[in-house]
């Protein structure tokens, strides 16, 4: 015997629609706040992206140029979206530059661990060769009076 569970939403459909509209309104205001925050921070993010790895910005411009060469309408569309969504674009470029910078730093640290650090050295030349000291003659132990015990080991 199977049992069937029904989910009953108490009230009418209007309550569900109002809850859905309220949910999307909250999401909209959160997204608008994040977009405003990114638009304030966008110039700083672009400068930091250029400091960390300027090639990310150069590669993006080259990519847009290649899109223009293949399809002019797509290039215009990407340019318009880049201008309208510059805060998001600059945040993405900053993220890519930061990631690239971290990867390069980790790679450099790994190579340094594998190869070891180079040490500075200075070659010192002596004008005369070092003196070779002759080993000192070992003094023979003074003869002790022999005993019967010492003779057992001879």
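Coordinate-derived values only; no laboratory data. Fair warning: this is a prediction, and the values are worked out from it, not measured in the lab. With ideal geometry, Cβ positions are generated from the backbone for all residues, glycine too; neighbour counts draw on all protein chains shown.
Taking the simple approach of a point 7 Å from Cα along Cα-to-Cβ for both residue 64 and residue 107, what is their distance in nm?
2.6
Over the Cα atoms of segment 42-111, what is the Rg over Rh ratio if Rh follows Kirkwood?
My calculation of the ratio gives 1.08.
With N set to the residue count of segment 1-126, report its C-alpha Rg divided by 2.2 N^0.38 Å to two decimal places.
Ratio of Rg to 2.2 N^0.38 Å for segment 1-126: 1.93.
Could you give the nm distance between label points at residue 76 and residue 100, where each point is 7 Å from its Cα heading toward the beta carbon?
About 3.0 nm, to one decimal.
Given the peptides 108-118, 52-62, 27-37, arrange them by the average over their residues of other C-beta atoms within 10 Å, most packed first.
52-62, 27-37, 108-118
On full extension of the chain, what length is gained from residue 124 through residue 5, given 0.36 nm per residue of separation minus the C-alpha to C-alpha distance?
That works out to 33.8 nm of additional length.
What full-extension length gain, to one decimal in nm, is calculated for residue 32 and residue 15 as 0.36 nm per residue of separation minus the Cα-Cα distance?
Contour length minus the Cα-Cα distance gives 3.6 nm.
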